[in-house]
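Everything below concerns the one structure shown next.
The values are calculated or read from the model by the stated rules, or taken from the named source; none is laboratory data. Just so you know, these numbers come straight off a predicted model, no measurement behind them. Every residue, glycine as well, gets a Cβ built from its backbone with ideal geometry; the counts of neighbours run over all protein chains shown.
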Amino acid sequence: MSIPTIDLSLADSPSTRPQLVATLRKALLEVGFLYITNHGIQPSLIEDLVAALPTLFSLPIEAKLTAALLNSPHFLGYSRFGSETTASKADEREQFEFANELPDLFAQGAQPLYTCLQGPNQYPSHPSVAQLASLVQRYIVALQTLAARFLDLAALALDLAPSTLQPFTGPQDRLKLVHYRPSPTVTDELSQGVGPHKDSSGWLTFLLQASPGTRGLQVLDKSGAWLDVPPLEGSLVVNMGQAFEVATNGVCKATTHRVLLPPGDYNRYSVPFFQGVRPELTKEAFKALWTHFDPEKWETAESVEGSRIDSPFLRGGYVTWGDAQLRTKIRSHRDVGKRWYGEIFDKYVNDA
Ligand SMILES: O=C(O)CCC(=O)C(=O)O
Ligand SMILES: [Fe+2]
């Protein structure tokens with residue numbers, strides 16, 4: 001199986017649109033990963049963002065920690081190498097997590113607790129990254145527009161009216177700037193950049209692979225084989241998050257992926273954007289769509305490894321999307337979870 005590339009400019013003309021929709025349908029149903037080209041994001045915006053990454057990550061650790069994730073009940077900020085856990089193993093990456101700027105719902109004591117994920121960003125305080133906040137916010141706005149447009153195309157590709165999925169999108173979209181480095185201690189093995197997972201933050205993920213020529217990203221296909229997803233110039237990689245799988249009644253599987261780093265001495269940068277879900281959504285809210293996505297009428301399959309990925313909302317362990325998302329955040333960043341969500345920490349961490 002290979003990863004399809006979709007030229008989004010084909011959507012602009014009624015004569016080429018059907019071709020795009022047909023390829024997209026196949027990509028969503030059969031592969032779950034795709035490259036998009038001619039996506040309409042200004043090349044200069046991408047260049048500026050890519051150029052900012054080495055500067056940002058080579059800041060002294062004290063400067064990075066001025067935006068420490070530990071200080072944010074919204075899980076927005078900097079987390080250092082080895083501080084994140086995926087599939088019960090530490091990841092070899094450091095990252096800054098941002099979102100569109102929102103009022104601080106934690107400070108307001110908002111309920112339910114998961115709404116506290118909404119809040120302001122933290123940016124590192126250092127003169128060499130003075131432009132970062134404006135760059136990140138401009139990129140988020142551009143990606144929000146692209147994601148909304150793409151979600152309509154995805155609906156169309158699945159025989160739904162174009163705007164069907166829009167009411168389920170949420171107030172917070174998240175963006176990460178990620179830096180991987182192969183393990184400095186293990187020299188002869190692949191190291192876990194990030195372990196196998198299905199994205200838990202949103203509908204669709206749009207990933208910019210910002211280190212041309214550097215491999216690492218892999219996707220699990222339906223037969224259980226891991227495929228390389230090498231960087232492709234001018235493209236973004238799109239994959240489906242857990243909300244997509246729930247909304248489509250399991251017809252479209254959220255894509256299982258990982259980053260495995262070959263040994264060596266190099267840096268890999270990536271920028272995933274996660275299109276947000278309405279946090280108060282329950283599985284019940286998708287019932288109307290489930291009539292459309294009757295598994296008897298759609299061909300659907302998944303590898304055993306993929307179907308075993310931790311997906312609390314899918315499994316039904318948590319009633320709302322927001323609860324499941326908060327749980328994932330707490331489990332991935334336990335120090336942050338313990339500090340801000342002590343009252344529910346044990347419950348979320350100990351449920352299997
Ligand atoms: O860095 C990458 O290429 C993928 C990152 C990823 O899958 C994630 O952070 O969810
Ligand atoms: Fe991911």
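Brief remarks follow.
- Hey, Leu232 more than 15 Å from ligand 2 (Cβ to nearest atom), modelled with pLDDT of 95 or more and either hydrophobic (A, V, I, L, M, F, W, C) or outside any loop (DSSP other than H, G, I, E, B) (or both) or not: yes
- Selection within the range 276-332 - part of a loop (DSSP other than H, G, I, E, B), surrounded by fewer than 19 Cβ atoms within 10 Å (Cβ to Cβ) and without any contact (Cβ under 8 Å) to a residue 12 or more places away in the chain: Glu296, Lys297, Arg308
- Tyr78, sole failed condition from (1) touching a residue at least 60 places away in the same chain (Cβ under 8 Å); (2) part of a strand (DSSP E or B): (1)
- All told, Gln95 meets the bar of being outside any loop (DSSP other than H, G, I, E, B) and among the polar types (S, T, N, Q).
- Of all the numbered requirements in (1) of a type outside the set (Lys, Arg); (2) in a loop (DSSP other than H, G, I, E, B); (3) within 16 Å of ligand 2 (Cβ to nearest atom), Thr164 misses one, and that requirement is (3).
- Pro54 in contact with a strand residue (DSSP E or B) (Cβ under 8 Å, 6 or more places away or on another chain) and either basic (Lys, Arg) or exposed (fewer than 14 other Cβ atoms within 10 Å of the Cβ) (or both): yes
- Taken residue by residue, the range 212-222 has at least one member that is within 9 Å of ligand 1 (Cβ to nearest atom) and either of a type in the set (Lys, Arg) or not in a strand (DSSP E or B) (or both).
- In the range 223-252, residue nearest to ligand 1 (Cβ to nearest atom) [restricted to those that are closer than 21 Å to Asp310 by Cβ and polar (S, T, N, Q)]: Asn239
- Residues that are aliphatic (A, V, I, L, M) and assigned to a loop (DSSP other than H, G, I, E, B), drawn from the range 33-63: Ile41, Leu59
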